[in-house]
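Trainee: Structure below; questions to follow.
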Amino acid sequence: MRSGFQPDFLWGGAISASQADGGWNEGGKGVDTQDLRWLDGSWTHVQIEEKHRNSPFSKAEFDAALADDGTRYYPFRRGINFYHRYKEDIALFAKLGLKVFRTSVCWARIFPDGDDFEPNPEGISWYRSVFSECHRYGIKVFCTMVHYDIPVNLVLRYGGWKSRKTVDFFARYAETLVDNLGDLVDFWLPFNEFNAGRFSPWDGVCLIKDVEGEDYDCQIFHCLHHQFLANARAVQIVHKKSPGTPVGGMIARFCSYPATCRPEDNLQALQDNQYSNWFYADVMARGAYPTYMDRYFDRLGITVEKGPDDDNLIASNTVDFLAFSYYFSQISTTDQGWEKTSGNLIMANKNPYLPTSEWGWQMDPLGLRITLNQMWDRYSLPLYIAENGLGTSDTLEPDGHVHDPYRINYLRNHIAALREAVVDGVDVRSYMIWGFIDVIACGPLTMDKRYGLIYVDLDNEGKGTGDRYLKDSFDWYRRVIATNGVDLS
Ligand code: BG6
């Protein structure tokens, strides 16, 4: 029996290009799909999260965002200015003792239009500097190829993921990354949260609801199929060109409990799991569309159009590991009137036994242990926790301190549950705190929903010095890392 974390357990932190980098029109970068999301100060958190979950744009809003008449604030264009401050930030990551740093490459920084023949040398050189800086401090690099954003030109010219051409453009991009950054990347992840395409279609598959009309659901799965092909192509490329570097698949894990012991609620829980989680991981890890989806597709009138070689491509290129984000759990029930609360990417059914965060997400450390056991039982593949953390507001005190016992408490409880999963025998290899340096929150597009151990002095309108301050949780996590998860006090 294992008693705790393996000596090489990867204590980490994660961010994404859109939410952190900024420099949206510097270094030869093209405009990407996340550059278009804007924040209207009059929207409430609930309105913004609702927009995010469904579709942030109508066609008219999309056109207006693209036209950019100078009246809108686009938070992702500025991020936290990691583009210019990465050296200072990585020095802080090293001070924390970080073992692995997860970030994404912005596709439009490498291929500004997505369909370009030659990559942008400035983009490659910037990522080489960032990743080299990590290695200088002995920090491993966990690199996501697509964390939602794709060059907007691909949407305008080809319909984005609706087109098979995008799969080819992606393969060129993936190959370019492996050729040019492969010596500096320790883990490849072709896609962030594969199931986001289903639950947050602009983010995941870049679809605008009112453009697709009645065909919306069908188009979502059409795009997802293309992403499965793109994922398989990336796996193939990494295996061929960088054998020995693991390449994985990721889902946003929606952990769910039956509301009662009624068989109907248990069936609902099974199906919620199949349709929201397992489908995506099954295709990437087991290499085939699971048969339970036939009935689901039939019910929704969805036909996935497959090419003659698609099944073979997917079957021959399965992932080496599975990664997931975990923030909350929810209830599965057939009761349509069940009380709802907010959750990552979805509205969740409320569990009366769980406390919620300031943003309404249900906090459930034990759910992390349960989910780790379930995923290990199902796939027997190494597991990487790619995101976990508490998004909440913080106060920067006049003396430059941020006291965040609530965050320490959240992280402590989740790491303790993770440790139990290790003792249960689960092969889990990393724990990466999401937004361990404050970034723009993806749902609300604001700075006031902070996950970080490092505070960034910016407000929701992007005003502030942008300076970095250490929160109490920074010292706490440093001790956790230094003791390999023994000291959680
Ligand atoms: C995940 C995304 O779904 O959740 C991140 O991969 C995101 O990009 C994170 O930031 C937390 O969500 P939010 O909306 O609180 O930023």
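Trainee: Here is a list of conditions, (1) touching a strand residue (DSSP E or B) at 6+ places or on another chain (Cβ under 7 Å); (2) open to solvent by 50 Å² or more (accessible area, probe 1.4 Å); (3) closer than 27 Å to residue 454 by Cα, and residue 40 meets all of them except one; can you say which number that is?
Mentor: Failed condition: (1).
Trainee: Determine whether the range 289-304 contains at least one residue that is open to solvent by 10 Å² or more (accessible area, probe 1.4 Å) and touching a His at 6+ places or on another chain (Cβ under 8 Å).
Mentor: Going residue by residue through the range 289-304, those that are open to solvent by 10 Å² or more (accessible area, probe 1.4 Å) are 289-292, 294-304.
Those still in the list that are touching a His at 6+ places or on another chain (Cβ under 8 Å) too: 304.
For the range 289-304, residues open to solvent by 10 Å² or more (accessible area, probe 1.4 Å) and touching a His at 6+ places or on another chain (Cβ under 8 Å): present.
Trainee: Something else: Give the residues of the range 441-477 that are within 11 Å of the ligand (Cβ to nearest atom), in contact (Cβ under 8 Å) with a residue 60 or more places away in the chain and touching a Gly at 6+ places or on another chain (Cβ under 7 Å), sorted by residue number.
Mentor: Matches in the range 441-477: 441, 449, 451.
Trainee: Residues of the range 149-201 being free of Cβ contacts under 8 Å to residues at least 40 places away in the same chain and either among the β-branched types (Val, Ile, Thr) or under 17 Å from residue 221 (Cα atoms) (or both), which ones?
Mentor: 159, 197, listed by residue number.
Trainee: Tell me, please, whether a residue that is in contact (Cβ under 8 Å) with a residue 40 or more places away in the chain, within 16 Å of the ligand (Cβ to nearest atom) and over 16 Å from residue 170 (Cα atoms) can be found in the range 203-211.
Mentor: Keep residues of the range 203-211 that are in contact (Cβ under 8 Å) with a residue 40 or more places away in the chain, which gives 203-211.
With within 16 Å of the ligand (Cβ to nearest atom) added as a condition, the list becomes 203-206.
So of that shortlist, the ones also over 16 Å from residue 170 (Cα atoms) come out as 203.
Taking every residue of the range 203-211 in turn, at least one turns out to be in contact (Cβ under 8 Å) with a residue 40 or more places away in the chain, within 16 Å of the ligand (Cβ to nearest atom) and over 16 Å from residue 170 (Cα atoms).
Trainee: Please state which of the following conditions residue 377 fails to meet, knowing it meets all the rest: (1) in contact (Cβ under 8 Å) with a residue 40 or more places away in the chain; (2) within 18 Å of residue 426 (Cα to Cα).
Mentor: Every condition holds for residue 377 apart from (1).
Trainee: Residue 363: surrounded by fewer than 22 Cβ atoms within 10 Å (Cβ to Cβ), under 24 Å from residue 428 (Cβ atoms), touching a residue at least 12 places away in the same chain (Cβ under 8 Å) and within 19 Å of the chain's Cα centre (by Cα), yes or no? Talk me through it step by step, then tell me what you get.
Mentor: On the way: surrounded by fewer than 22 Cβ atoms within 10 Å (Cβ to Cβ): yes; under 24 Å from residue 428 (Cβ atoms): yes; touching a residue at least 12 places away in the same chain (Cβ under 8 Å): yes; within 19 Å of the chain's Cα centre (by Cα): yes.
Against the criterion (surrounded by fewer than 22 Cβ atoms within 10 Å (Cβ to Cβ), under 24 Å from residue 428 (Cβ atoms), touching a residue at least 12 places away in the same chain (Cβ under 8 Å) and within 19 Å of the chain's Cα centre (by Cα)), residue 363 qualifies.
Trainee: Can you confirm whether residue 258 is more than 20 Å from residue 199 (Cβ to Cβ), modelled with pLDDT of 95 or more and within 27 Å of the chain's Cα centre (by Cα)? Show your work before the answer.
Mentor: Working: more than 20 Å from residue 199 (Cβ to Cβ): yes; modelled with pLDDT of 95 or more: yes; within 27 Å of the chain's Cα centre (by Cα): yes.
Taking the combined requirement at face value, the residue satisfies it.
Trainee: Might you check whether a residue that is within 23 Å of residue 432 (Cβ to Cβ) and surrounded by fewer than 17 Cβ atoms within 10 Å (Cβ to Cβ) occurs anywhere in the range 7-24? Explain how you work it out, then say what you get.
Mentor: If we filter the range 7-24 for residues that are within 23 Å of residue 432 (Cβ to Cβ), which is where we start, we get 7-22.
Those left that are additionally surrounded by fewer than 17 Cβ atoms within 10 Å (Cβ to Cβ): 7-8.
Within the range 7-24, one or more residues are within 23 Å of residue 432 (Cβ to Cβ) and surrounded by fewer than 17 Cβ atoms within 10 Å (Cβ to Cβ).
Trainee: Could you go through the range 68-75 and let me know if any residue there is touching a residue at least 24 places away in the same chain (Cβ under 8 Å) and of a type in the set (Val, Ile, Thr). Talk me through it step by step, then tell me what you get.
Mentor: Looking only at the range 68-75, we keep the residues that are touching a residue at least 24 places away in the same chain (Cβ under 8 Å), and these are 72-75.
Filter once more, so that each one left must be of a type in the set (Val, Ile, Thr): none.
No, because not a single residue in the range 68-75 is touching a residue at least 24 places away in the same chain (Cβ under 8 Å) and of a type in the set (Val, Ile, Thr).
Trainee: Considering the range 322-347 alone, what residues qualify as being surrounded by fewer than 23 Cβ atoms within 10 Å (Cβ to Cβ), over 27 Å from residue 287 (Cα atoms) and within 16 Å of the ligand (Cβ to nearest atom)?
Mentor: 341, 342, 347
Trainee: To continue, here is another question. Considering only helices (runs of 4 or more DSSP H) fully contained in the range 118-221, which possess at least 1 residues that are more than 25 Å from residue 51 (Cα to Cα) and open to solvent by less than 10 Å² (accessible area, probe 1.4 Å)? Lay out the reasoning, then the answer.
Mentor: Working: elements: 121-136, 152-158, 164-181, 196-199, 201-205, 209-212.
Per the criteria, 121-136, 164-181.
Trainee: What number of residues within the range 274-308 are part of a helix (DSSP H, G or I) and not polar (S, T, N, Q)? Lay out the reasoning, then the answer.
Mentor: Step one: of the range 274-308, the residues part of a helix (DSSP H, G or I) are 274-286, 292-300.
Narrowing further to those that are not polar (S, T, N, Q): 275, 278-286, 292-300.
Number of matching residues: 19.
The values are calculated or read from the model by the stated rules, or taken from the named source; none is laboratory data. Bear in mind the structure is a predicted one, so any value in this text is a computation, not a measurement. Here Cβ is always computed from backbone atoms with ideal geometry, including for glycine, and neighbour counts include all displayed protein chains. Note: areas computed on protein heavy atoms with side chains; ligands, DNA, RNA excluded. Shrake-Rupley method; radii C 1.70, N 1.55, O 1.52, S 1.80 Å.
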